[in-house]
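> Have a look at the structure that comes next, please.
The values are calculated or read from the model by the stated rules, or taken from the named source; none is laboratory data. Just so you know, these numbers come straight off a predicted model, no measurement behind them. Positions of Cβ are backbone-derived with ideal geometry, glycine not excepted, and every protein chain shown enters the neighbour counts. Just the protein is used for accessible areas: all its heavy atoms, side chains included, with ligands, DNA and RNA removed. Shrake-Rupley method; radii C 1.70, N 1.55, O 1.52, S 1.80 Å.
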Amino acid sequence: MENVIEIKNIRKSYPIGDSLLEVLKGISLTVKNGEFLAVLGPSGSGKSTLMNVIGCMDGFDSGDYFLDGEAIHKMNDAKMTKIRNSKIGFIFQKYHLINKYSVLRNVEIPLLLRGYSQKEASEAAAQKLEQLGMGGRLMHKPNELSGGQQQRAAIARALVGKPSLLLADEPTGALDSATGKEVLELFTELHKAGNTIVMITHDLNVAKYAERIVNIIDGEIFDNK
């Protein structure tokens, strides 16, 4: 099975006054194609920094990172942006839907930015929303939806471009427990359908929905496999 993510000895520091704070301390991590991985860690563990590195949103000081065979550590910001937009679907705690647009338009946007025609984008977005049980909500605005429906719309937006990786940051953090369970069960279905998922969380009960859990503590990874 091919690897979607290969991270080798990644180090990342931030300047604090006259010194450097090392946040990622030589992290190595592999995620196979089709795997559902949870990265579990408390606040301040480095999990958000690791997510930013995996998501090509931030650089790092040293180490190697291959995403779907692409050498991220050799790329400039412009190339990283292109990779981020084409290979990663992001799912955030706060949904990041645009309230003035319909659900359909929110899901169309990534495809329109890639150069799809309006017709192509609309058809693909409507199909993905239908698959996620949102077919009756296409023209609703995000503020007309429940939290669970907003997260389903956000997941549709992440999936519509057929990314190599779904990267989820505390995806149930803004939801009540029952709705959070529904979203996590949807993640299980997406995994069974062959999607590669990396989920960042502080909650062990959420992490248990993944097929593999790694712990991040003080900038170091401990694999539970």
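> For the chain, modelled as a Gaussian network with Cα springs under 10 Å, which listed residue fluctuates most, Gln118, Gln151, Gln93?
Highest fluctuation among the options: Gln118.
> With the alpha-carbon atoms as the only input, what is the per residue convex hull volume for the stretch 1-123 in Å³? Show your work: numbers first, answer last.
Working: hull volume 19.4 nm³, N = 123.
Taking only Cα atoms, the stretch 1-123 has a hull volume of 157 Å³ per residue.
> Using the beta-carbon distance between Glu182 and Lys141 and R0 = 25 Å, what value does 1/(1 + (r/R0)^6) give for FRET efficiency, to the nearest 0.05?
Details: r = 21 Å, r/R0 = 0.85.
E(calc), rounded to 0.05, equals 0.70.
> Once fully extended, how much extra length lies between His73 and Ser117, figured as 0.36 nm per residue of separation less the alpha-carbon to alpha-carbon distance?
Working: separation 44, 0.36 × 44 = 15.84 nm, distance 3.29 nm.
Extra length from His73 to Ser117 when fully extended: 12.6 nm.
> Using a Gaussian network for the chain with springs between C-alpha atoms less than 10 Å apart, which of these wobbles most: Ile109, Ile88, Ile98?
Ile98
> Okay, moving on. To the nearest 10 Å², what's Glu182's accessible area with a 1.4 Å probe?
Counting only protein heavy atoms, Glu182 exposes about 100 Å² to solvent.
> May I ask you to list the aspartates and glutamates whose Cα is less than 12 Å away from that of Lys128, ignoring any residue fewer than eight positions away on the same chain?
Filter leaves Glu108.
> Taking a threshold of 26 Å on the Cα-Cα distance, which of the pairs Lys74/Lys119; Lys47/Lys79; Lys32/Lys141; Lys79/Lys100; Lys74/Lys192 fall above it? Don't skip to the answer; put the middle values down first.
Values: Lys74/Lys119 36 Å; Lys47/Lys79 24 Å; Lys32/Lys141 36 Å; Lys79/Lys100 30 Å; Lys74/Lys192 33 Å.
Going by Cα-Cα distance, Lys74/Lys119; Lys32/Lys141; Lys79/Lys100; Lys74/Lys192 fall outside the 26 Å limit.
> In addition: Under a crude label model (7 Å from the Cα following the beta-carbon direction), how far is Ile16 from Asp58 in nanometres?
Each label point is offset 7 Å from its Cα along the Cβ direction, giving 1.3 nm.
> For every other residue with a beta carbon closer than 10 angstrom to the beta carbon of Val103, add +1 if it is Lys or Arg and -1 if Asp or Glu, then tell me the sum.
Details: positive: Arg105, Arg137, Lys141, Arg152, Arg157; negative: Glu108, Glu144.
Residues near Val103 contribute +3 overall.
> A further question follows. Using protein chains only and a probe of 1.4 angstrom, how many square angstrom of Arg152 are accessible, to the nearest 10?
60 Å²
> Compute the Cα gyration tensor for the stretch 172-225, then decide on rounded, prolate or oblate, letting a ≥ b ≥ c be the square roots of its eigenvalues: rounded whenever a/c is under 1.5, prolate when a/b is larger than b/c in the other cases, and oblate in all that remain. It would help to have the intermediate numbers written out before the result.
On the way: a/c = 2.56, a/b = 1.35, b/c = 1.90.
Oblate, because a/c is 1.5 or more while a/b does not exceed b/c.
> Let me ask something else about it. For the chain, what is the mean residue ellipticity at 222 nm derived from helices alone (per DSSP H run of n ≥ 4: -39500 (n - 2.57); sum divided by total residues; nearest 500 deg cm²/dmol)?
About -10500 deg cm²/dmol.
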